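Visitor: Let me begin by handing over the structure; questions about it come next.
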Amino acid sequence: MKRIAFISHSSVDKSVAEDICRFLEANRILCWIAPRDVTPGKNYGAAILDAIDECSIFVLVLTSHSN
């Protein structure tokens, strides 16, 4: 199943990012969000780069924690 939106967030903002993900997926926009979608055993950084390349939408959760 192809993910459409990549959600980028600080680990401190995980709950906000998960709320955004739930909202989007409830509206049929499949999301890729770490750590949920990192395949076990895959390099974390490589998984993120692959997901960014795959997704057509980039959602940035920009807060003081991510800056």
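The values are calculated or read from the model by the stated rules, or taken from the named source; none is laboratory data. Remember, it's a predicted structure, so these values are computed and weren't measured experimentally. Methodologically, a virtual Cβ is constructed for each residue, glycine included, from the backbone with ideal geometry; neighbour enumeration extends over all protein chains shown. Quick note on the areas: whole protein, heavy atoms, side chains included, nothing else; ligands and nucleic acids left out. Shrake-Rupley method; radii C 1.70, N 1.55, O 1.52, S 1.80 Å.
Visitor: Kindly provide the set of residues from segment 1-37 that are surrounded by fewer than 17 Cβ atoms within 10 Å (Cβ to Cβ) and either touching a Gly at 6+ places or on another chain (Cβ under 7 Å) or in a loop (DSSP other than H, G, I, E, B) (or both), ordered by number.
Guide: 1, 2, 4, 10, 27, 28, 29, 30, 35, 36, 37 - these are the residues of segment 1-37 that are surrounded by fewer than 17 Cβ atoms within 10 Å (Cβ to Cβ) and either touching a Gly at 6+ places or on another chain (Cβ under 7 Å) or in a loop (DSSP other than H, G, I, E, B) (or both).
Visitor: So the check is Cβ under 6 Å with 6+ separation or different chains; which pairs have a first residue in segment 33-62 that's closer than 16 Å to residue 16 by Cα and a second one that's charged (D, E, K, R) and open to solvent by less than 40 Å² (accessible area, probe 1.4 Å)?
Guide: Within 6 Å, the pairs are 61/13.
Visitor: Then there's this: For segment 38-67, give me each residue that is within 12 Å of residue 7 (Cβ to Cβ) and open to solvent by less than 40 Å² (accessible area, probe 1.4 Å).
Guide: Scanning segment 38-67 gives 51, 55, 59, 61.
Visitor: Something else now. Six or more apart or on different chains, Cβ under 7 Å: which pairs go from a residue in segment 8-23 that's more than 20 Å from residue 54 (Cβ to Cβ) to one that's open to solvent by 90 Å² or more (accessible area, probe 1.4 Å) and not hydroxyl-bearing (Ser, Thr, Tyr)? Could you list them?
Guide: 10/65; 12/65; 13/65
Visitor: Applying the selection to segment 1-43, what residues are under 20 Å from residue 62 (Cα atoms) and of a type in the set (Gly, Ala, Ser)?
Guide: Passing the criteria: 5, 8, 10, 11, 15, 17, 34.
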